[in-house]
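Asks: What follows is a structure written as structure tokens; I'll ask about it next.
The values are calculated or read from the model by the stated rules, or taken from the named source; none is laboratory data. Computed from a predicted model, the values in this text were never measured in an experiment. Neighbour counts run over all protein chains shown; Cβ positions are idealised from the backbone, glycine included. We work out accessible area using only protein heavy atoms, side chains counted, and drop any ligands, DNA or RNA first. Shrake-Rupley method; radii C 1.70, N 1.55, O 1.52, S 1.80 Å.
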Amino acid sequence: GDVVVCVRGGGILIARDKNDVLTLPAFEQVQQWSEHWTHWHEQPFRYAFTMQEVRYFLWMGDGGEPSDPAFAYEPASTLRQVVSKHICFAAMTAWHIYCWYRDNKFCGRCGTALKPDEKERMMRCPECNVMMFPQICPAVIIWLTHGDKILLSKYRGRNYKDYALLAGFSEIGETIEDTVRREVQEEVGLPVKNIRYYKSQPWPHSGSLLFGFFCELDGEDETIQLEEDELSMAVWMPREELPTKPDGVSLTNEMILWFK
């Protein structure tokens, strides 16, 4: 019953049937396929976590071609859908852990190869005892409204092309509420007021923990000054014109629907 998350480039190995149900490969399948794959060390399988009594492992090398044609590598950045929500969440959480292991092989202080700790999810330097924990970056999702309208945007240069809310990472020395104020000012040049926390969500796509906030335009001037390096567009959209339908996955989608 164990399954394995295999990564190649920006993709995760997964099968998708005609009903849009997702399946991750079984441990035995990957063990057979991997005879011709590459891996980083003598232990290519690494335990990730257990969810709903299923144990999830990571393939620690570059994933190769599966023998079963039902499986293919799908972009991790667009892996979001309702039918197999638990599989989607598990795959993306495993992706987050995999990327952390991949990017933290050596001690940043002395350069010695790091080793997995035996008690915690941590990489430890056997030479100088530096402890490296998984990186989780706080970020905000911003529900900015003015009367019966909400501010929607679209990213520039990303695979995700649908409408989104303003968002951004918190910086050193900044409260999460200050992140809301700064991101709105930087991306669309607008002041905000009445900042209120909604809820949070882990978002492995960017290795982050998202904090959803409600806020309102401070004043009557809705003029948008678009930050074109990150956004391709931003628009005030009336409630009745919102195009969003539930995806059951993203906090952004949930917050837009909440307004609708």
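Asks: Would you mind finding the one in V249, V180 that is of a type in the set (A, V, I, L, M), in contact (Cβ under 8 Å) with a residue 40 or more places away in the chain and not in a loop (DSSP other than H, G, I, E, B)?
Replies: V180
Asks: Same structure again: Name the residue that is least open to solvent (accessible area, probe 1.4 Å), counting only residues in segment 210-230 that are of a type in the set (F, W, Y) and in contact with a Ser or Thr (Cβ under 8 Å, 6 or more places away or on another chain).
Replies: Filtering segment 210-230 for residues that are of a type in the set (F, W, Y) and in contact with a Ser or Thr (Cβ under 8 Å, 6 or more places away or on another chain), the one least open to solvent (accessible area, probe 1.4 Å) comes out as F214.
Asks: Basic (K, R), open to solvent by 60 Å² or more (accessible area, probe 1.4 Å), at negative phi and at pLDDT 95 or above: which single residue out of R16, R55, R8 fits that description?
Replies: That would be R55, the only listed residue that is basic (K, R), open to solvent by 60 Å² or more (accessible area, probe 1.4 Å), at negative phi and at pLDDT 95 or above.
Asks: So which of C137, C99, C125, C107 is of a type outside the set (K, R), surrounded by fewer than 13 Cβ atoms within 10 Å (Cβ to Cβ) and touching a residue at least 12 places away in the same chain (Cβ under 8 Å)?
Replies: C137
Asks: Let me ask something additional. Going by the conditions given, is C107 touching a Lys or Arg at 6+ places or on another chain (Cβ under 8 Å) and at pLDDT 95 or above?
Replies: No: the conditions fail for C107.
Asks: If we keep just the residues of segment 161-209 that are under 18 Å from V249 (Cα atoms), touching a Lys or Arg at 6+ places or on another chain (Cβ under 9 Å) and not basic (K, R), which is least open to solvent (accessible area, probe 1.4 Å)?
Replies: Once the filter is applied, the top-ranked residue is A164.
Asks: Let me ask another. Select from segment 91-146 the residues that are polar (S, T, N, Q) and touching a helix residue (DSSP H, G or I) at 6+ places or on another chain (Cβ under 7 Å) and list them in ascending order.
Replies: T93, Q135, T145
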